[in-house]
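Take this structure first; my questions come after.
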Amino acid sequence: MFDYYEELGMSRIELLERIQEKVSPSRFQHMLRVEKTAIDLAKRFAGNIYSASLAGILHDYAKDLSDEEFLQLIDKYHLDPELKSWGNAVWHGKVGFLKVKEDFGLDNNEVLHAIQVHTVGTEEMALLDKILFVADYIEPGRDFPGVDEARELAEESLDAAVAFEAMRTIEYLTNQHQPIYPQTLETYNAYLPGLFHYREKLSDHKKSRN
Ligand code: GDP
Ligand code: FE
Ligand code: FE
């Protein structure tokens, strides 16, 4: 783990204290687990471990802001007013990354972008975007049907894991009769071919063993 974050001009201890002031204890523990999982994925897929650490530890920093605060921030940051018709699930990433930038003076666009898209993904995700998106879904505290398949996919292919997560999220949201943010559908459409490709590879592999 890193003792000091040069870009923040801050020790890890100070960083963790600042985060703990803003989020619930259980949320904080989730952010630590996502950090660890993101670092593991960065090692597996040759990503930047330092960026994975920062993105993981900070990704839900804005999660416990009130709806009023988010609505004010959308105006303050001159974001598309259409965002106001969504809610915390979408705001904590799409608005929250700018709160991280402001509160920590963080200027690392790679990390900020990963936080921005960590809930909904995007069509062309950078390596760190995928690492955070997937780490958030498979961290060891997650327990829901399909999480083990997501973990297995993430052993082999980040793209396939991204597709699987987008697919399952959309299934879940439609079952709950919740609206789908269009960017979530874009992520699904963009990464689905990779999932088919990967599953074909898996079944070829099984056939060749028979
Ligand atoms: P968390 O912040 O660690 O709980 O995880 P996420 O940031 O991935 O997701 C937060 C919530 O957003 C979850 O409950 C998801 O089901 C929800 N979510 C993800 N995509 C969408 C979407 O397109 N629309 C809506 N309404 N909710 C979404
Ligand atoms: Fe989140
Ligand atoms: Fe999270």
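The values are calculated or read from the model by the stated rules, or taken from the named source; none is laboratory data. The structure displayed is predicted, hence computed values, not measured ones. Heads up, the Cβs are rebuilt from the backbone with ideal geometry, glycines too, and the neighbour counts pull from every protein chain shown. With ligands, DNA and RNA removed, areas are computed over all heavy atoms of the protein, side chains included. Shrake-Rupley method; radii C 1.70, N 1.55, O 1.52, S 1.80 Å.
Which lysines, on any chain, are close to residue 43 with Cα under 23 Å apart, when same-chain ones fewer than 8 places away are left out?
Reachable lysines: 130.
Let me have the 222 nm mean residue ellipticity of the chain computed from DSSP H runs of 4+ only, each contributing -39500 (n - 2.57), with the sum over all residues rounded to the nearest 500. Don't skip to the answer; put the middle values down first.
Values: 11 runs with 141 residues, N = 210.
So the helix-based figure for the chain works out to -21000 deg cm²/dmol.
Also, I was wondering about something else. With a 1.4 Å probe and every protein chain kept in, tell me what percent of the accessible surface of region 29-130 is carbon plus sulfur.
On region 29-130, the fraction of accessible area on carbon and sulfur atoms equals 50 percent.
Here is a follow-up. Residues of region 137-210: accessible area per residue at 1.4 Å, in Å²?
Per-residue value: 62 Å².
In terms of solvent-accessible area of protein heavy atoms at a 1.4 angstrom probe, what is the ranking of 61, 137, highest value first?
Ranked list, largest accessible area first: 137, 61.
Using a 1.4 angstrom probe on the protein heavy atoms only, line up 188, 4 by accessible area, largest first.
Ranked from most to least accessible, the order is 4, 188.
Let me ask something additional. For residue 24, what accessible surface area do you get with a 1.4 Å probe? Give it in Å², rounded to 10.
That residue has around 40 Å² of solvent-accessible surface.
What does the convex hull of the Cα atoms come to per residue for region 73-177, in Å³?
For region 73-177, the hull spanned by Cα atoms encloses 121 Å³ per residue.
Residue 7 to residue 102: FRET efficiency via 1/(1 + (r/R0)^6), r the Cβ-Cβ distance, R0 22 Å, to the nearest 0.05?
Taking R0 as 22 Å, the efficiency between residue 7 and residue 102 is 0.90.
Moving on to the next point. Going by amide H atoms built from the backbone, whose H comes under 5 Å of the H on residue 10, apart from near neighbours?
5
Probe 1.4 Å, all protein chains in place: accessible area of residue 169 in Å², nearest 10?
40 Å²
Just the C-alpha atoms of region 1-150: what Rg/Rh do they give, with Rh taken as the Kirkwood radius?
0.95
Still on this structure: What ranking, highest mean first, results for peptides 42-54, 123-135 when packing means the other Cβ atoms within 10 Å averaged over each residue? Don't skip to the answer; put the middle values down first.
Numbers: 42-54: 18.5, 123-135: 22.5.
Top of the packing list down: 123-135, 42-54.
Roughly how much of residue 92 is accessible, in Å² to the nearest 10, using a 1.4 Å probe?
10 Å²
OK, next. Have a look at 190, 114, 161 and tell me which one the Gaussian network model of the chain (Cα, springs below 10 Å) gives the largest fluctuation.
Taking springs between Cα atoms under 10 Å, the residue moving most is 190.
Take each uninterrupted DSSP H stretch in the chain, measure its Cα extent along the helix axis, and return the ones at 24 Å or beyond whose mean Kyte-Doolittle hydropathy is at least -1.0. If you can, show how the numbers build up before the last one.
Details: long enough: 25-44 (29 Å, -0.68); 158-175 (25 Å, 0.39); 182-209 (41 Å, -1.26).
Long hydrophobic helices here: 25-44, 158-175.
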